[in-house]
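Before any comments, here is the structure.
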Amino acid sequence: MKVVIAGGGAVGTFIARELSEAGHDIAIVDQDQAHVDKAKKLGEPVDVEWHVGDACEVDVLSEIGVGEADVVAAVTGDDEDNLVISLLAKQEFAVPRVVARVNNPKNEWLFNENWGVDVSVSTPHLLTALVEEAVSVGTLVRLLSFEGGRASLIEVTLATDSPAADTEIVELGLPRDSTVVAVVRNDRVVVPRGDTRLQAGDEVLVMVTGESLDDVRKILTGA
């Protein structure tokens, strides 16, 4: 898989290192000549192509081969740049998958399909969700959003009075556009099947669309 990362800071470099070690073809583009020169000299991350340029310019993206990329990750420290990069990647180069970093949570509403974003990641919101997930029982927590918010990965720790407790997944009556993707029980991941019986205290992860969110919440929490 070919991945182009816009932004060679700590976040972009970390992503590049992880993906490169997994065997993917990675290119990073960054505006800072000195930063790129230093990275090339150190050879870090290994087997990653570094390019100098403004990823907000079509010519730069074309030169580094964005047209052949399977994924573009816009992870600069500037939300406006990440939006422009995402839009160009999707509209000018038809990149199948565009992932964008949200630096300011107030801007998260902009990161949708209108700007070419398939998946946005807001670190502050993600941290908030993880804190809620760690301390909340019987409350639905949204972990990640996909496709401009049309789909979400949610988590709920089943309370003892949850209507889903002691019930097989097939018997829950979940909407067709939702699915249980994992169950965490006693620090162990259970791959869910139709006959998997949920228990109080289970952490249940569900992929759900906005239309079915309320129905899923009622099934799992009773609220």
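Residues are listed down the side, and each one gets a yes or a no for (1) closer than 30 Å to residue 63 by Cβ; (2) at pLDDT 90 or above; (3) in a loop (DSSP other than H, G, I, E, B):
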| position | (1), (2), (3) |
| --- | --- |
| 94 | yes, yes, yes |
| 152 | no, no, no |
| 164 | no, yes, yes |
| 179 | no, yes, no |
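Counting residues in the range 50-59 that are in a helix (DSSP H, G or I), more than 17 Å from residue 118 (Cα to Cα) and out of contact with any helix residue (DSSP H, G or I) (no Cβ under 9 Å at 6 or more places or on another chain) gives one or more. For the range 6-25, the condition of being under 25 Å from the mean Cα position of the chain (by Cα) and among the polar types (S, T, N, Q) holds for at least one residue. From the list 80, 108, the one residue that fits, being assigned to a helix (DSSP H, G or I), over 15 Å from residue 4 (Cα atoms), modelled with pLDDT of 95 or more and over 12 Å from the mean Cα position of the chain (by Cα), is 80. Residues in the range 142-158 that are crowded, with 18+ Cβ neighbours inside 10 Å and over 14 Å from residue 210 (Cβ atoms): 155, 156, 157, 158. Restricting attention to the range 80-111, the residues being more than 16 Å from residue 54 (Cβ to Cβ) and not β-branched (Val, Ile, Thr) number 16.
Taking into account only those residues within the range 1-25 that are part of a strand (DSSP E or B) and out of contact with any Lys or Arg (no Cβ under 8 Å at 6 or more places or on another chain), which is surrounded by the most Cβ atoms within 10 Å (Cβ to Cβ)? Result: 6. Have a look at 37, 30, 54, 47 and point out the one that is surrounded by fewer than 19 Cβ atoms within 10 Å (Cβ to Cβ) and under 17 Å from residue 84 (Cβ atoms). Testing whether each residue is surrounded by fewer than 19 Cβ atoms within 10 Å (Cβ to Cβ) and under 17 Å from residue 84 (Cβ atoms) leaves just 54. Residues in the range 89-120 that are without any contact (Cβ under 8 Å) to a residue 24 or more places away in the chain and either among the charged types (D, E, K, R) or assigned by TED's automatic domain parsing to the domain that holds residue 143 (or both): 106, 108. In the condition set (1) at pLDDT 90 or above; (2) assigned to a strand (DSSP E or B), residue 114 is compliant with all but (2).
The values are calculated or read from the model by the stated rules, or taken from the named source; none is laboratory data. Quantities reported herein were computed from a predicted structural model and do not represent experimental measurements. Here the Cβ is made from the backbone with ideal geometry for all residues, glycine too, and neighbour counts use every protein chain on show.
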